[in-house]
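Quick notes on the structure that follows.
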Amino acid sequence: QRFLDSGYTVSIDADTSRPFAQRLQTARTSPAAVLVAAGGDGTATALAQVAVETGRALAVLPLGTANLLGRDLGLPLSLDDWFSQLPLMTPRQIDVGEVNARIFLHKVVIGAVPGIAAMREQIRGETALGATLAFLSHAIRRLSRLRRFAVEISNGGEHPHIERVQSIAVANNDYDEGPGKIFSRSRLDAGTLSLYLIRHLSLGDALRLALRMLVGTWKADDVVEVENVRAVVMRTRQRRLRAMVDGEVEFLTTPLRFQVRPLALTVLAPPPAVAEVPEAAAAAEGV
């Protein structure tokens, strides 16, 4: 109704009884000029894959928990503000990351975090204090029992080297530093991936790192190593690795082949300058 009130013709798929893959196929064959992802970062990434494949624009209606992409794009996080801004949004090209031909918009993490996130998924929707305490207990136990694993890393023309790590994250463009800037990016079009290695992370290290993230000095911490690359290949002894891809936990087949696809996705976002506003209405007509 909000779309109709704003003058847009829409087709909404809210049938959660259908397999998600089928719903994505419906979006793929849809005649809509713009695909709208109404949900969290995982939903936006899934629709982004379709948008890139079909050459259409993606609009993100941030209804998730973290809404990291929406925040990076400067999108309003309330429904009223989002719909008031929709006629003013303009097309913007951003980079996408790719791992084994699968798109990601924010980051892929392997190591400790996916296991903690899997537990989070089990209690999602539960508000009982016991469920929250169980999750915190699980996270603390997992951090205290972390083991390192060996991974062979090859990027660009360099010779492969072996690292023993507890966690690796590959981000689509680099994270900013600054007070309160936690997993935020001011650039989504720099054409690079950022590789974050954590070789050892005790519970004390994790608490210190979390504090340094709040104050904006986490990249200088001794437990973090950062490298910017355009492509990287990772090999491990395991045939499959549990990973967190834009907030969703899944298994990826090794080797993991990462690359950046510069400016591969068109999104609708608030214009960076007031001077661009007159062009926005025409850009956001077909939804």
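Just one of the numbered conditions (1) assigned to a strand (DSSP E or B); (2) modelled with pLDDT of 95 or more is not true of Glu250: (2). Just so you know, in region 31-53 the residues that are without any contact (Cβ under 8 Å) to a residue 24 or more places away in the chain and open to solvent by 40 Å² or more (accessible area, probe 1.4 Å) include one that is nearest to Lys181 (Cα to Cα), and it is Thr43.
Answer with yes or no whether Val36 is over 25 Å from Leu241 (Cβ atoms) and β-branched (Val, Ile, Thr). Step through it out loud before you land on a result.
Values: over 25 Å from Leu241 (Cβ atoms): yes; β-branched (Val, Ile, Thr): yes.
Yes; evaluated as a whole, the condition is true for this residue.
Within region 195-214, is even one residue open to solvent by less than 20 Å² (accessible area, probe 1.4 Å), over 27 Å from Ala269 (Cβ atoms) and in contact with a strand residue (DSSP E or B) (Cβ under 6 Å, 6 or more places away or on another chain)? The answer is yes, given that some residue of region 195-214 is open to solvent by less than 20 Å² (accessible area, probe 1.4 Å), over 27 Å from Ala269 (Cβ atoms) and in contact with a strand residue (DSSP E or B) (Cβ under 6 Å, 6 or more places away or on another chain).
Out of curiosity, is Pro87 in contact with a helix residue (DSSP H, G or I) (Cβ under 6 Å, 6 or more places away or on another chain) and open to solvent by 20 Å² or more (accessible area, probe 1.4 Å)?
Details: in contact with a helix residue (DSSP H, G or I) (Cβ under 6 Å, 6 or more places away or on another chain): yes; open to solvent by 20 Å² or more (accessible area, probe 1.4 Å): yes.
Criteria met by Pro87.
Any residue in region 15-29 that is of a type in the set (Phe, Trp, Tyr) and either part of a strand (DSSP E or B) or surrounded by 21 or more Cβ atoms within 10 Å (Cβ to Cβ) (or both)?
Residues of region 15-29 of a type in the set (Phe, Trp, Tyr): 20.
Applying the additional criterion that residues be either part of a strand (DSSP E or B) or surrounded by 21 or more Cβ atoms within 10 Å (Cβ to Cβ) (or both) yields none.
Looking through region 15-29, none of the residues is of a type in the set (Phe, Trp, Tyr) and either part of a strand (DSSP E or B) or surrounded by 21 or more Cβ atoms within 10 Å (Cβ to Cβ) (or both).
Does Gly247 count as free of Cβ contacts under 8 Å to residues at least 60 places away in the same chain and at positive phi?
On the way: free of Cβ contacts under 8 Å to residues at least 60 places away in the same chain: no; at positive phi: yes.
Here the answer is no, as Gly247 does not meet what is asked.
Mind checking which residues of region 54-70 are in a helix (DSSP H, G or I) and either at pLDDT below 95 or open to solvent by less than 20 Å² (accessible area, probe 1.4 Å) (or both)?
First, pick out the residues of region 54-70 that are in a helix (DSSP H, G or I): 54, 68-70.
Within region 54-70, Leu68, Leu69, Gly70 meet the criteria.
Screening the candidates Arg164, Arg237, Arg185 for the property of being of a type in the set (Lys, Arg), in contact with a strand residue (DSSP E or B) (Cβ under 9 Å, 6 or more places away or on another chain), buried (at least 17 other Cβ atoms within 10 Å of the Cβ) and not in a helix (DSSP H, G or I) yields one hit, Arg185. State yes or no: is Gln93 open to solvent by 20 Å² or more (accessible area, probe 1.4 Å), of a type outside the set (Phe, Trp, Tyr) and under 23 Å from Gln49 (Cβ atoms)? So Gln93 fits the description; yes.
The values are calculated or read from the model by the stated rules, or taken from the named source; none is laboratory data. These numbers come from a predicted model, not from an experiment. Positions of Cβ are backbone-derived with ideal geometry, glycine not excepted, and every protein chain shown enters the neighbour counts. Just the protein is used for accessible areas: all its heavy atoms, side chains included, with ligands, DNA and RNA removed. Shrake-Rupley method; radii C 1.70, N 1.55, O 1.52, S 1.80 Å.
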